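Following: one structure in structure tokens, then a few remarks.
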Amino acid sequence: MSEVTLPPASVLTERLQDSKVVLVTGAASGIGFAAAQLFAQHGAKVILVDLASGRLKAAAEDIGHGCDFRACDVANWEQQVALFDWVKQTYGPPEIVCLNAGIDPELATSQTPSAKEKVVSNYLASELEPREDASEGGSQLKQPPTVVFDVNFYGVLYGIKLAVHHFPEGKGGRIVITGSAASQMGVVNQDVYVASKHALIGLMRSSAQRQELKDKNITVSMVAPWLTHTGLTANLPPEILHAFSTESSQPVDVAMGIAYLATAEKAEDVHGRCLWIRGKRCIEVEGAYEKWLGNLIASTST
């Protein structure tokens, strides 16, 4: 593993100053807001994306610097298509797309896309519901809701496809995914959330191997924050808060890691990379993982 030196403010300004169009999802608060603010402060044209237009407007006004915003449910393909079309028609094609939106209903039920959505509390719970076929009578075990994967995984999958399609021809672009420390490890009582974040690192690793991305000068990379103090983590159970409290991060710490991946001078330095962010430390973990995996494959093939 290697510790990454994050760029100073002057470098960020130099690399963002030509009003690069930056799209940030989940930008009304937390890590997304901090990332949007950082990009905007250094000269980028930032589009904030989230569910609630009222919160988005307030966030954009708070940031200033000519930010704009658009409400979008990232779990909805049609809404994401309309989002990217609007950005391209209004400001030109994006060059940086930060796929940050995510929910954790196992932790905070208020984060679900709408009040009508059924949340995941314990997917193993012995909850019953009426059978769909009334002629059968009785009840059956309740199906776990899919909302976590709809937002956390499919929202990113859709965003990657649309970003690749919309990036400016001949210039390419940068895609940065917000994963989690939970992309690399299990967390008690967070089964579905953890599974969705594990899925993201698999998506990033495999997508990074596609020759078409390399040919188009498109990078895909990821941040994996340790406990970060946002509205999502404000009501953590004491046992989880205690387990993750060492070197916890602020949203701006993660935003700096996102900015590094989005602006690094050499694409090969960030393509297929994942930054483990803990406090103010930023450590690249994929190099160590690839070395371990190579050794494992070699040792089991003999």
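Looking at the stretch 198-212, which of its residues are within 11 Å of residue 179 (Cα to Cα) and in contact (Cβ under 8 Å) with a residue 60 or more places away in the chain?
Residues satisfying the conditions are 201, 204.
Across the stretch 234-260, which residue is farthest from the chain's Cα centre (by Cα) among those that are at pLDDT 65 or above and either assigned to a loop (DSSP other than H, G, I, E, B) or polar (S, T, N, Q) (or both)?
Filtering the stretch 234-260 for residues that are at pLDDT 65 or above and either assigned to a loop (DSSP other than H, G, I, E, B) or polar (S, T, N, Q) (or both), the one farthest from the chain's Cα centre (by Cα) comes out as 246.
Can you go through 73, 68 and tell me which one is under 25 Å from residue 172 (Cβ atoms), among the acidic types (Asp, Glu) and modelled with pLDDT of 95 or more?
Exactly one of 73, 68 is under 25 Å from residue 172 (Cβ atoms), among the acidic types (Asp, Glu) and modelled with pLDDT of 95 or more, namely 68.
Can you work out which of the residues in the stretch 261-302 that are β-branched (Val, Ile, Thr) and assigned to a helix (DSSP H, G or I) is nearest to residue 209 (Cα to Cα)?
So the residue we want is 297.
When only residues in the stretch 73-91 that are touching a Ser or Thr at 6+ places or on another chain (Cβ under 9 Å) and part of a loop (DSSP other than H, G, I, E, B) count, which is surrounded by the most Cβ atoms within 10 Å (Cβ to Cβ)?
74
Return yes or no: is residue 138 in contact with a helix residue (DSSP H, G or I) (Cβ under 9 Å, 6 or more places away or on another chain) and of a type in the set (Gly, Ala, Ser)? Steps first, please.
Numbers: in contact with a helix residue (DSSP H, G or I) (Cβ under 9 Å, 6 or more places away or on another chain): no; of a type in the set (Gly, Ala, Ser): yes.
Taking the combined requirement at face value, the residue does not satisfy it.
Tell me whether the stretch 165-173 contains one or more residues that are closer than 25 Å to residue 256 by Cβ, touching a Pro at 6+ places or on another chain (Cβ under 8 Å) and modelled with pLDDT under 95.
Looking through the stretch 165-173, none of the residues is closer than 25 Å to residue 256 by Cβ, touching a Pro at 6+ places or on another chain (Cβ under 8 Å) and modelled with pLDDT under 95.
Residue by residue through the stretch 59-72, note down the ones that are surrounded by fewer than 21 Cβ atoms within 10 Å (Cβ to Cβ) and touching a Lys or Arg at 6+ places or on another chain (Cβ under 7 Å).
66
Checking residue 231 against (1) surrounded by fewer than 16 Cβ atoms within 10 Å (Cβ to Cβ); (2) in contact with a helix residue (DSSP H, G or I) (Cβ under 7 Å, 6 or more places away or on another chain); (3) modelled with pLDDT of 85 or more, only one condition comes out false. Which one?
Unmet for residue 231, out of (1) surrounded by fewer than 16 Cβ atoms within 10 Å (Cβ to Cβ); (2) in contact with a helix residue (DSSP H, G or I) (Cβ under 7 Å, 6 or more places away or on another chain); (3) modelled with pLDDT of 85 or more: (3).
Scan the stretch 1-27 for residues that are in a loop (DSSP other than H, G, I, E, B), of a type outside the set (D, E, K, R) and at pLDDT below 95 and jot them down. Walk me through it before giving the result.
Step one: of the stretch 1-27, the residues in a loop (DSSP other than H, G, I, E, B) are 1, 4-8, 17-20, 26-27.
In the following step, the residues that additionally are of a type outside the set (D, E, K, R) were identified as 1, 4-8, 17, 19, 26-27.
Of everything in the stretch 1-27, those that are in a loop (DSSP other than H, G, I, E, B), of a type outside the set (D, E, K, R) and at pLDDT below 95 turn out to be 1, 4, 5, 6, 7, 8, 17, 19.
Just one of the numbered conditions (1) among the hydrophobic types (A, V, I, L, M, F, W, C); (2) surrounded by fewer than 17 Cβ atoms within 10 Å (Cβ to Cβ); (3) modelled with pLDDT of 85 or more is not true of residue 134; which one?
Checking residue 134 against (1) among the hydrophobic types (A, V, I, L, M, F, W, C); (2) surrounded by fewer than 17 Cβ atoms within 10 Å (Cβ to Cβ); (3) modelled with pLDDT of 85 or more, the one that fails is (3).
When the stretch 92-111 is examined, which residues are found to be outside any helix (DSSP H, G or I) and more than 27 Å from residue 264 (Cβ to Cβ)?
103, 104, 105, 106, 107, 108 - these are the residues of the stretch 92-111 that are outside any helix (DSSP H, G or I) and more than 27 Å from residue 264 (Cβ to Cβ).
When you go through (1) polar (S, T, N, Q); (2) crowded, with 18+ Cβ neighbours inside 10 Å; (3) out of contact with any Gly (no Cβ under 7 Å at 6 or more places or on another chain) one by one for residue 152, which number turns out not to apply?
Answer for residue 152: the failing condition is (3).
With the structure loaded, tell me whether residue 123 is part of a helix (DSSP H, G or I) and either of a type in the set (Ser, Thr, Tyr) or at pLDDT below 90 (or both) or whether it fails that test.
Taking the combined requirement at face value, the residue does not satisfy it.
Taking the stretch 42-59, which residues are touching a helix residue (DSSP H, G or I) at 6+ places or on another chain (Cβ under 8 Å) and either closer than 22 Å to residue 172 by Cα or part of a helix (DSSP H, G or I) (or both)?
42, 43, 44, 45, 46, 47, 48, 49, 59
Mind checking whether some residue in the stretch 36-57 is of a type in the set (Asp, Glu) and at pLDDT 95 or above?
Among the residues of the stretch 36-57, at least one is of a type in the set (Asp, Glu) and at pLDDT 95 or above, which makes the answer yes.
The values are calculated or read from the model by the stated rules, or taken from the named source; none is laboratory data. Nothing here was measured: the structure is a model prediction, and the numbers come from that model. Quick reminder, even Gly has a Cβ in these numbers, built from the backbone with ideal geometry, and neighbours come from all protein chains shown.
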